[in-house]
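To keep things clear, I will list the structure first and then write my remarks on it.
Each value in this text was obtained by applying a stated rule to the coordinates, not by laboratory testing. The structure displayed is predicted, hence computed values, not measured ones. Backbone-built Cβ (ideal geometry, glycine too); neighbour counts: all protein chains shown.
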Amino acid sequence: MHGTGDNTEHVFKTCDGIASLTLLSSRGAAFGVLLLAIALSSASSAQKRDAPASDTLAVIDTRAVTAERFGRLFKEKMLKTGITDNMDARAGYLRNLVDDEVLIAEAKREKLDRRKESRRELARIELQESLNAFTERHISSGVAVTEADLRELFVKMNTKIKVRHLYAATKAESESLYAELTRGKSFEELARRVFADSRLGESGGSLGYMTVDEMDPKFEAAAYSMRVGELSKPVKTVQGYSILRVDEIQQNPFLTESEFSRVKERLSTFARKRKLEQALAEYSATLRGRLEIRFDDKLMTRLFEATREQWTQTPVEQTSLVISRHDLGRRLVTTKSGVWTTGKVIDALGRLTEGQRRWIRTKENLEDAIAGLIIREHIAGRAREEKLHATPAFRARVQYAFDTYLLTSLEAQLKKGIRISQDSLKSYYLRNGESFRSEAEIRLSGMLLDNPLLADSVLRLLDRPVRFDSLARELSIQKATAGRGGDMGYFRREGLGELGNELFTMNSGEWKGPFVQDGKYLFVKCTDVKGSSHKSFEECAGEIEEMLLSVAWRTARSRFVKSYRRGMDCRVYPERLIALSFN
């Protein structure tokens, strides 16, 4: 939220202190701030008022944007996007914060915060923040990120894996599929059966190239641990079970220490988030065992059948229509912390979102969902006992998350009136068609050595010439590609970092090297070139529509903000950004 204008839901953020920001003052930057001050002050009420406290950067009705809040959010923005701290960035971010606050104030004027669904969302946020507070106190402190973690993540983020999979809803189905594979059935044949009516069936279950944070965590862990051509045993994911096969591993061989240093802080933030998610999953699994959650199997089967039939048409709270009155009072789940009747479970399931309901495809999924609800209630109870909700920080986080919800609700309401006609899409394509081209790609083979004398020998051998792929198989220390004669797959220019421009001068069959970095010697050969090609209107119509909708929304959003501000007490002090510093 705030300062971004996006629809990202705030779940939990830790504030471990704000690092010192380097103020890049300049006459131009200061001049820009003064222009912003003039523009913003002219939009404020003309009535003369006393200036607020010196740590206040803006006042919108009864709410204030303080220097502390600005610094905390701006720091998070820098870590997330990699922007540099300067006066233009600060001024722009303050402008976005003020615009967000105006829209939030308007949402409250329109009483969006009093709707039934909004009160439900507020209750959900309070529960989630209780869980976050418990996590912060009892789990986060045990999460540590090492230098080795960061370097491993850096390599993974620069590695793409071409993977295919077979999906099964249940463990039994996945084991049956795995047995067929081991008896000689082809992956492609089974994929056509498993994904009978989908693109995945036609492609043999291929998901294409994937990288970090694009897969289910367990799916990702399995994929990155496999060799090319290797078949995995069934892997349990959020969606069900998958059997994986890795077809290709494409690793950027041009990773430098300077690039690692440049992204290290952002890597640390991401790595900590991932390790915390893993710690939470492990804690929940342990707690599930300690609570000894047990289900009435026959009653669970009936409930699953009822929900599977009803959720497509009927709210889950009405599932009691197909569950008898007697069933509602029966024990469905027993735990060490108490009993959950069928009625209580149905009430709890009724608070799931549509997305969470769609995830429940099997009886096992339903049991996992109910166990999750029981674990959440248990942790929330402990959080109440420890009075974690009775702190200013807790209330501030709840308010922040609820404001985000109100902001996105109002924005969704306002966006409904924006439409882009087919004629507009075609007109834009005709005017800018040349800019819609597929990017050029080159296919590269690599040979990585760690011995300078060997590198000299290879240089002489390649000049004779000797086959590059034979040398790569025999000598390269990069085992993932050595077995394929050094083949690393296709690359786009930006994916090759500092060497992109130089390598894109090569024709098929040419080689370059050695490139020396950190005691390693890399030889590279171009084996294929795919030139840029023009895209048809059908290929890029969706891209054009998304772009024009984004432009239209930015324009409309500014217009709405300007209109709403006229009836508000809105004062902004951007000149205070110049002297701002965060410790």
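Suppose only helical runs count, i.e. DSSP H with n ≥ 4. What mean residue ellipticity at 222 nm does that imply for the chain under -39500 (n - 2.57) per run, divided by all residues and rounded to the nearest 500 deg cm²/dmol?
For the chain, the value works out to -16500 deg cm²/dmol.
Positive end of the dipole of the chain, charges at C-beta (+1 Lys, Arg; -1 Asp, Glu), about the Cα centre: which of Val238, Ile578, Ala412 has its Cα farthest in that direction?
Of the candidates, Ala412 comes out farthest on the positive side.
Are any of the pairs Lys75/Lys273; Lys236/Lys363; Lys273/Lys363; Lys111/Lys415; Lys273/Lys415; Lys116/Lys275 more than 26 Å apart by Cα-Cα distance, and if so, which?
Exceeds cut-off: Lys273/Lys363; Lys273/Lys415; Lys116/Lys275.
Taking 26 Å as the cut-off for C-alpha to C-alpha distance, list the pairs among Lys298/Lys336; Lys160/Lys525; Lys233/Lys264 that go past it.
Distance filter (> 26 Å) returns Lys233/Lys264.
To the nearest 20 debye, what charge dipole does the chain have about its Cα centre, counting +1 at the Cβ of each Lys and Arg and -1 at the Cβ of each Asp and Glu?
Dipole of the chain, to the nearest 20 debye: 1400 debye.
When His389, His165, His326 are ordered from fewest to most other Cβ atoms inside 10 Å of their Cβ, what list results?
Least to most surrounded, the residues fall as His326, His389, His165.
Check cross-link reach from Lys479 to the aspartates and glutamates: straight Cα distance under 17 Å, and skip same-chain residues fewer than eight apart.
In chain and number order, the partners are Glu152, Glu230, Asp247, Glu248, Asp450, Asp469, Asp487.
Dipole magnitude of the stretch 444-525 about its Cα centre, charges +1 at Lys/Arg Cβ and -1 at Asp/Glu Cβ only, in debye to the nearest 20?
Here the stretch 444-525 has a charge dipole of around 240 debye.
Suppose the Debye formula is applied to equal point scatterers at every Cα of the stretch 207-286; what is log10 I(q)/I(0) at q = 0.19 Å⁻¹?
The computed values of log10 I(q)/I(0) come out as -1.02.
Within straight cross-link reach of Lys426, meaning Cα distance under 14 Å, which aspartates and glutamates are found once same-chain residues fewer than 8 apart are removed?
Those aspartates and glutamates meeting the cut-off are Glu434, Glu538, Glu539, Glu543, Glu545, Glu546.
Specify which residue in the list Thr527, Ser427, Gly500 is farthest towards the positive end of the charge dipole of the chain, using unit charges on the beta carbon of Lys, Arg (+1) and Asp, Glu (-1), about the Cα centre.
Comparing the listed Cα positions along the dipole, Ser427 ranks first.
By counting other Cβ atoms within 10 Å of each Cβ, how are Ile477, Ile243 ranked from fewest to most?
Ile477, Ile243
Based on the alpha-carbon gyration tensor of the chain and its eigenvalue square roots a ≥ b ≥ c, which shape applies: rounded if a/c is under 1.5, prolate if not and a/b is larger than b/c, or oblate?
Note, shape of the chain comes out oblate.
As a footprinting exposure proxy, order Arg164, Arg72, Arg384 by other Cβ within 10 Å, with the fewest listed first.
Result, fewest neighbours first: Arg384, Arg72, Arg164.
Write down the percent of antiparallel bridges among all DSSP beta bridges whose residues are both part of the chain, to the nearest 5.
Bridges in the chain are about 100 percent antiparallel.
What is the projected area of the convex hull of the Cα atoms of the stretch 159-251, averaged over all directions, in nm²?
The Cα convex hull of the stretch 159-251, projected and averaged over all directions, gives 5.3 nm².
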